[in-house]
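As structure tokens, the structure follows; a few thoughts come after it.
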Amino acid sequence: MSRVRALLISVCAAGALACANPASAATAQREPFGTLADGTVVEAVTLTGANGVSARIISFGATLQAFKAPDRHGRIADLELGYDDLAGYVDHPNYFGVTVGRYANRIAGGRFALDGKSYQLALNDKTNSLHGGVRGFDRLPWRILSVKQGAAGASVTLGLTSPAGDQGYPGAVQATATYTLDDKGSLTIDYDATSDVPTLVNMTNHAILNLAGEGSGDDVLGYRLTIPASRYTPVDAALIPTGELKAVAGTVFDFTQGRILADGVRDGRDPQVVIGRGYDHNFALDAGLTAQPKLAARLEDPVSGRVLEVLSTEPGLQLYSGNFLDGTYVGKGGHVYRMGDGIALEPQKFPNAPNQPSFASARIEPGRPYHHRMIFRISTAR
């Protein structure tokens, strides 16, 4: 019996870890990660599949702290930009791998109306509310509700209570995030939320990834990206969608047949690239809002051979080419992160949807809960 398996069995027997089948290929290991200033203990759960893929989730921000996978030669690297310890996530936040909510992306002026009543949110992006406000879901300790492993994979479920009025939002929200890793290289993230009154919820994961490895020194601009979206939402100078759904055909935003990121990320002839300092835009996925996850993006690194497919039930995908990584963030292993060192592919409702009636609604209410399933599926091409 391996030392890891023996440890898992002993921990399960002690009741600290919920294990459906300790002999299964996919395993889950729970351990301390650090302590917040108020004494709250932050924990980490590492999910490991049979093919060498693993995911480490920490309870602060329900964060994907590490995402490791083999390249075409079997060499394993951590693809997730981030920090080695809790202090980095607390003191130098940059949304690395976090769960963002209540509302992912921007709400113009931090204002919206619901059932005839106006609400003002906390502002943390100049004059806008970004990713839930000053203390969004990414800045809070979540509770680990369960840890499991079995034939269907290894998983961890985390929970968070967001009281009425939190960051200006109405309603008391109970949110959960469940990460499940199977033995085929798929990391599924299920986001669920309920509320006691009508409110807004729009959650996603803000992983910033480098398929060559977060400290490889190789940027992501040579990757080939495919997004099945024939339209995107142009933005104004504050990165707020104008309300237009613009055709991507004939522009550097056309990823329908695949495009090398470097072909457009510095094309100053397109005013949208200038505004975003690269790509920082939402794409209206052709499939729209779906009951089952569909392909939202495919990212290919020709050097390592790693391929990442992002699937989601949501109607939009935010493409962020790491434009604001400016060398001031020192991450894992002392690596300095600069523009192009990572890319985020964030499935979600459209930015500022509460103020654009033509966009898919982010409203939930009693009896109509929120659910978003997204999948990071990693593989290799020969």
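Using only Cα coordinates, the Kirkwood hydrodynamic radius of the stretch 59-188 works out to 16.5 Å. Toward the positive end of the charge dipole of the stretch 225-382, with +1 on the Cβ of Lys and Arg and -1 on the Cβ of Asp and Glu, the farthest Cα among VAL303, ILE227, PHE376 is that of PHE376.
In a simple Cβ point-charge model (Lys, Arg +1; Asp, Glu -1; nothing else charged), the stretch 26-380 has a dipole of about 480 debye relative to its Cα centre. Basic side chains Lys and Arg get +1 at the Cβ, acidic Asp and Glu get -1 at the Cβ, and with that the dipole of the stretch 196-309 about its Cα centre reaches some 220 debye. Quarter the surface of the alpha carbon convex hull of the stretch 199-319 and you get the mean projected area, 8.4 square nanometres. The percentage of C-alpha pairs in the stretch 116-164 whose separation is greater than 14 Å is 66%.
Computed over the stretch 306-382, the range of Cα coordinates on each principal axis works out to 47, 34, 22 Å, biggest value leading. Per residue, the convex hull around the alpha carbon atoms of the stretch 233-382 comes to 154 Å³. Under a no-solvent Debye model with one identical scatterer per Cα of the stretch 16-129, what's log10 I(q)/I(0) at q = 0.09, 0.12, 0.15, 0.17 Å⁻¹? Evaluating at q = 0.09, 0.12, 0.15, 0.17 Å⁻¹ gives log10 I(q)/I(0) of -0.38, -0.62, -0.83, -0.94. Rounded to two decimals, the Cα-based Rg/Rh of the chain, with Kirkwood Rh, is 0.95. Counted by Cβ distance under 10 Å from ASP71, the other residues give a net charge of +2, where Lys and Arg count +1 and Asp and Glu count -1. If you look at the Cα atoms of the stretch 129-278, you get an Rg and a Dmax of 19.3, 52 Å. As a proxy for reagent exposure, THR188, THR48, THR251 were ordered by neighbouring Cβ count within 10 angstrom, fewest first; the result is THR251, THR188, THR48.
Each Lys or Arg adds one and each Asp or Glu subtracts one; over the other residues with Cβ under 15 Å from the Cβ of ALA122, this totals +3. Our summary gives the stretch 26-380 a relative contact order of 18 percent, counting only alpha carbon pairs under 8 angstrom and 6 or more residues apart. Given LYS126/LYS349; LYS126/LYS332; LYS148/LYS184, which pairs have Cα atoms separated by over 26 Å? Distance filter (> 26 Å) returns LYS126/LYS332. With the charge dipole of the chain set up from +1 on Lys and Arg Cβ and -1 on Asp and Glu Cβ about the Cα centre, the Cα lying farthest toward the positive end among the listed residues ASN105, THR48, TYR95 is that of THR48. As a rough guide to protection, the peptides 112-118, 172-178, 367-373, 341-347 ranked by mean Cβ packing within 10 Å, highest first, stand as 341-347, 172-178, 367-373, 112-118.
Each reported figure results from applying straightforward, stated rules to the coordinates on display, with no laboratory input. Because the structure is a prediction, the values reported are computed rather than measured. Using ideal geometry, Cβ is built from the backbone for each residue, glycine included, and neighbour counts are taken over all protein chains shown.
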